[in-house]
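One structure is given here, and the rest of the page talks about it.
The values are calculated or read from the model by the stated rules, or taken from the named source; none is laboratory data. Bear in mind the structure is a predicted one, so any value in this text is a computation, not a measurement. Here the Cβ positions follow ideal geometry from the backbone for every residue, glycine too, while neighbour counts run over all protein chains shown. Note: areas computed on protein heavy atoms with side chains; ligands, DNA, RNA excluded. Shrake-Rupley method; radii C 1.70, N 1.55, O 1.52, S 1.80 Å.
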Amino acid sequence: MSTPVVLIPGDGIGPEVTAATQAVVQAAGADLTWIEAPAGLGAAERLGDPLPNSTLDLIRQHRVALKGPCTTPIGKGFRSINVRLRQGLDLYASVRPIHSLPGVRGPYSNVDLVVVRENTEGLYSGMEHFVVPGVVEGLRLVTRSAAERIVRYAFELARQQGRRKVTFCHKADVLPLSDGLFLSTARAVADDYPFLGFEEIRVDQLCMELALDPTRFDVLVMENLFGDVISDLCAGLVGGLGLVPGANIGVRYSVFEAVHGSAPDIAGKGVANPIGLLRSAALMLEHIGQRKAAKRIEHAVVQTLQNARGLTRDLGGDGNTRTITEQLVANVGGAP
Ligand code: NAI
Ligand code: MG
């Protein structure tokens, strides 16, 4: 039976990388029925809401979505669609696997870690207000229940993937109450997993350690804002934003999307790299039990990068979205 999946093309390069991803997913033999739904700046202009209720309802009905990036205008009082989506569907875990890939230039060749980010609280709770003109207060929400479920998610992921260690990242010295609560909760959860390693690290030190030697990390877990920053940093360690996939997981629903944004600087030029979204689709296929198609896609990505033909400019090639997609489709055909 074909699995229905809600598809949100999004803004900027979103529709370009979405179309490319659909072509490769189909060539991989995945059995999906795409149900297209609007979100983003385009939806705001056409329908008056960047995240229409009809789109949320479709995800609630079908449970799974693949999403292109959505533009959030800076400083216009527009609440981020992504934050609304993650909070509205309680997609509490953002999961971003960071692997070195063959043929990709970068400072390291053997990175293999996962960033697990709390996706619903922290400074991104969206609670900001003017106290008086010229003074704004932003609230950083931490609850024991959300801290516990994200750290537990990280340990369960480590266990399922046969990983060795969970590193909890914080700034509890400067934020003794909020990160103090997160840290003590993380320690209590770690006690339940004596067979896995656990370490604690301050976020600033983590940045330095990641730059020096990212191979010493395995699973990283942290609050929302730190996770946003650290996941882009980690993307830079393995070849950039165009390559890294992501999943937003909740108890009932999940939304898969690349780490990158709508890239307005290259939108409409046909040069965007679709691999980040394509690998997000592979994570989705794995999640819904279509493992064979997921494996074929990962194989095609590796093959395409190794052959180094038709690659987009961010990968050092002189190709474009069309040429890299042709290569991916050809290589998915040859996959076992
Ligand atoms: P961005 O990720 O869109 O772009 C940063 C840089 O990376 C740009 O130079 C861009 O050309 C390049 N890049 C990104 N994806 C690429 C790809 N697939 N292929 C080749 N090059 C790629 O980040 P930026 O510029 O900070 O944000 C642009 C917009 O995207 C903003 O409105 C932001 O709010 C939104 N955004 C949305 C996200 C989402 O929907 N999940 C996530 C991040 C940002
Ligand atoms: Mg980000």
Residue check, V83 more than 21 Å from N273 (Cβ to Cβ) and within 16 Å of ligand 2 (Cβ to nearest atom): yes
Strands (runs of 3 or more DSSP E) (entirely within the stretch 73-143) containing at least 3 residues that are of a type in the set (A, V, I, L, M): 93-99, 112-118
Residues of the stretch 103-122 that turn out to be of a type outside the set (S, T, Y) and under 15 Å from I150 (Cβ atoms), as a count: 8
Subset of the stretch 226-238 that is among the aliphatic types (A, V, I, L, M) and open to solvent by 50 Å² or more (accessible area, probe 1.4 Å) - its residue that is nearest to ligand 2 (Cβ to nearest atom): V229
